[in-house]
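J.: Got a structure for you, questions after.
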Amino acid sequence: MNIYGIKREDLEQYFLDIGEKKFKALQVFEWIYTHKVKSFFEMTNIKKELQEKMAGDFSFDMITIQRKQEDKLTKKYLFKLFDGNFVEAVLMEHDYGTSICVSSEVGCNMGCAFCESGRLKKVRDLGAYEMVQQILLVEEDIKRRISSVVIMGIGEPLDNY
């Protein structure tokens, strides 16, 4: 399972199930989302045996940025998913902060006349980890934190509830 797709409550249960304290989940989340580590072996306050166990049970595999187009106030990213499909995200600079519009599906079945995505037809829902990784990869690219997330890219968000 991809670590970026697990909820904190589920990670707490994972730790309880293997005889560890549930607060370990918070430690892991801090390492991943605050310190931006990409390996359990970088988590210095977690014992080596537990790092090895987690490395066997979870992956840090990331989707990849295939292309980026830039304008003055926007950046459009094309991501390649593990199954070979592609989705997009758009970063927007505002006077109140930086927003990202992420995709929630590969294609879309809504058929809105104004939207190019609907012409693709829905292939599948994105996993939570694929949506989270869009944000993390763009933050890494721009070297700062994104202040707002909008789930309105490719796909109808409520179709992937």
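J.: Could you please find all residues in segment 118-141 being over 18 Å from Gln66 (Cα atoms) and over 11 Å from the mean Cα position of the chain (by Cα)?
T.: Gly118, Arg119, Leu120, Lys121, Lys122, Val123, Arg124, Asp125
J.: Would you confirm whether or not segment 36-44 contains a residue that is under 17 Å from the mean Cα position of the chain (by Cα) and over 16 Å from Asp57 (Cα atoms)?
T.: Yes, because at least one residue in segment 36-44 is under 17 Å from the mean Cα position of the chain (by Cα) and over 16 Å from Asp57 (Cα atoms).
J.: Follow-up question, since we're still on this one. Consider Asp125 carefully, then state whether it is touching a helix residue (DSSP H, G or I) at 6+ places or on another chain (Cβ under 7 Å), under 30 Å from Tyr14 (Cα atoms), open to solvent by 40 Å² or more (accessible area, probe 1.4 Å) and modelled with pLDDT under 95.
T.: yes
J.: Would you call Gly118 farther than 26 Å from Arg8 by Cβ and at pLDDT 90 or above? Walk me through how you get there before you give the answer.
T.: On the way: farther than 26 Å from Arg8 by Cβ: yes; at pLDDT 90 or above: no.
The answer is no for Gly118.
J.: What are the pairs, 6+ residues apart or on separate chains, where a residue within segment 42-54 that is at pLDDT 95 or above has its Cβ under 6 Å from a residue that is of a type in the set (A, V, I, L, M, F, W, C) and surrounded by 17 or more Cβ atoms within 10 Å (Cβ to Cβ)?
T.: Met43/Trp31; Gln51/Phe40; Met54/Phe40
J.: Determine which member of the set Gln27, Gln69 is of a type outside the set (A, V, I, L, M, F, W, C) and closer than 19 Å to Lys143 by Cα.
T.: Gln69
J.: From Lys47, Lys38, which residue is open to solvent by 40 Å² or more (accessible area, probe 1.4 Å) and under 27 Å from Glu140 (Cα atoms)? Lay out the reasoning, then the answer.
T.: Details: Lys47 fails: under 27 Å from Glu140 (Cα atoms).
When all the criteria are applied, what remains is Lys38.
J.: Only residues in segment 17-35 that are under 14 Å from Gln51 (Cβ atoms) and open to solvent by 70 Å² or more (accessible area, probe 1.4 Å) count as the first member; pair them with residues that are part of a helix (DSSP H, G or I) and among the small types (Gly, Ala, Ser), Cβ under 6 angstrom, at least 6 apart or cross-chain, and list the lot.
T.: none
J.: Inside segment 76-103, can you point out the residues that are part of a loop (DSSP other than H, G, I, E, B) and either under 14 Å from the mean Cα position of the chain (by Cα) or of a type in the set (Gly, Ala, Ser) (or both)?
T.: Leu81, Phe82, Gly84, Ser103
J.: Now a separate question. Can we say Leu136 is modelled with pLDDT of 90 or more and surrounded by 18 or more Cβ atoms within 10 Å (Cβ to Cβ)?
T.: Spelling it out, Leu136 is indeed modelled with pLDDT of 90 or more and surrounded by 18 or more Cβ atoms within 10 Å (Cβ to Cβ).
J.: Need pairs with beta-carbon distance below 6 Å; first residue in contact (Cβ under 8 Å) with a residue 12 or more places away in the chain and within segment 120-134, second assigned to a helix (DSSP H, G or I) and open to solvent by less than 60 Å² (accessible area, probe 1.4 Å); sequence gap 6+ or separate chains.
T.: Asp125/Asn160; Gly127/Gly5; Ala128/Gly5; Tyr129/Tyr4; Tyr129/Gly5; Val132/Tyr4; Gln133/Tyr4
Results for (1) of a type in the set (S, T, N, Q); (2) open to solvent by 60 Å² or more (accessible area, probe 1.4 Å), shown as yes or no for each residue.
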residue	(1), (2)
Arg8	no, yes
Glu12	no, no
Met43	no, no
Asn109	yes, yes
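J.: Name the residues in segment 77-105 that are open to solvent by less than 20 Å² (accessible area, probe 1.4 Å), under 13 Å from Glu130 (Cα atoms) and among the aliphatic types (A, V, I, L, M), would you?
T.: Correct list: Leu81, Val87, Ala89, Val102.
The values are calculated or read from the model by the stated rules, or taken from the named source; none is laboratory data. Everything quoted here is computed from the prediction, not taken from an experiment. Note that we place each Cβ from the backbone using ideal geometry, even for glycine, and neighbour counts take in every protein chain shown. Only protein heavy atoms, including side chains, enter the accessible area calculation; ligands, DNA and RNA are left aside. Shrake-Rupley method; radii C 1.70, N 1.55, O 1.52, S 1.80 Å.
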